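Just below is one structure, and these are the notes that go with it.
The values are calculated or read from the model by the stated rules, or taken from the named source; none is laboratory data. All values reported here derive from a predicted model rather than from experimental measurement. Quick reminder, even Gly has a Cβ in these numbers, built from the backbone with ideal geometry, and neighbours come from all protein chains shown. Surface areas here come from the heavy atoms of the whole protein model, side chains and all, with no ligands, DNA or RNA. Shrake-Rupley method; radii C 1.70, N 1.55, O 1.52, S 1.80 Å.
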Amino acid sequence: MMKRPFFVCIALALFCAPISAQEKYKGGIVYGPKAAFNISAPEGWVLDNESGAEQGLPCVLYPKGESWADARTVMYAKIASTQFEDANAFVAMAIKDMKAKHGTPKEKIASGKTSDGHDYFINEYPATKTYSQWERVGYVQMPHAVAYIVLSSRDQASYRKDSGALEQVLKTFTYLKPETVQEKDEGPAAKQDTPKVIETDDMKVAMKAGQLETAGKHDEALKLYAKAIDLKGRFTPFVYHNRGMLYLHRAKASQDQKSRIADLQRAIADFQTSIRLGAASNEELNRGLEKVATRANLDEATKLLEEATHR
């Protein structure tokens with residue numbers, strides 16, 4: 001049975017750019033209108049940016065050898081709705097909304113700092129008569145936004161065995177500073193230099209392309225990726241990255257050597273363009289592609305192309 005997220009009412013639709021790995025991914029970038037962050041899967045886990053997409057969860061994790069649908073324990077990462085900039089305020093509202101079903105949680109059972117020094121705390125939500133999942137949630141206070149990572153187990157035994165994985169993920173958490181912009185036409189009282197990741201037209205088109213890709217409609221997805229690139233927006237480095245991932249996935253699944261080689265060449269070209277555009281950008285989010293995502297995918301595609309052409 002597919003897991004059901006319990007923060008849907010105040011959650012934000014996100015996008016997750018994956019970091020390549022042998023089995024699914026080891027990490028990914030989660031981003032929304034006000035913030036972005038990178039996380040990595042703990043040892044023995046993988047990150048998946050496809051299986052939870054239909055539930056509005058583009059960044060899910062589960063143990064190797066299992067699946068999002070069947071794993072005894074899963075995790076997913078999100079950013080709270082833009083109305084919440086304070087972690088404590090977000091948690092208070094979440095507890096109020098779900099108290100009837102989930103009961104009173106054990107608050108702040110653990111706390112600490114992420115890999116880059118941002119504060120986090122963890123709440124525990126034991127199973128109740130009306131909700132069978134055992135859960136704990138890590139909340140991270142970012143500038144002007146709240147990130148949260150949910151660990152959910154089907155039974156208490158699995159929860160006891162796997163619950164430590166949440167803090168391992170939190171320790172890999174890295175905040176990615178978005179572009180600094182100024183609010184305009186709001187008078188002298190307007191906030192200045194408010195960090196935002198602006199949702200642009202090319203981002204919206206690319207997210208639709210990603211949904212088509214998840215549905216297996218690759219040709220339609222490629223048309224939308226091309227449309228997003230033509231818009232020449234600030235999301236372009238990610239568009240090239242994501243289209244390159246489509247080509248890479250398709251090449252790895254192909255049994256036809258000619259098609260496989262062609263897709264690997266396209267993937268390499270897109271990854272190289274993504275890195276070049278990201279390096280020229282003033283935004284840390286774009287520049288980070290080479291460090292945490294695209295470089296690893298480029299290396300994988302290059303290696304696979306060498307193997308394919310030397311058979």
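Taking each of K108/K208; K96/K204; K99/K208; K64/K113; K129/K208 in turn, the alpha-carbon distance tops 29 angstrom for K108/K208; K96/K204; K99/K208; K129/K208.
Length gained on full extension, E220 to D119, computed as 0.36 nm times the residue gap minus the Cα-Cα distance: 32.2 nm.
Peptide packing: for 93-102, 127-136, the average count of neighbouring Cβ atoms within 10 Å per residue gives the ranking 127-136, 93-102, highest mean first. Nonpolar atom fraction for the stretch 49-156, defined as the carbon and sulfur part of the 1.4 Å probe accessible area, stands at 48 percent. For the peptides 210-219, 106-115, residues were scored by their other Cβ atoms within 10 Å and the scores averaged per peptide; the highest-first order is 210-219, 106-115.
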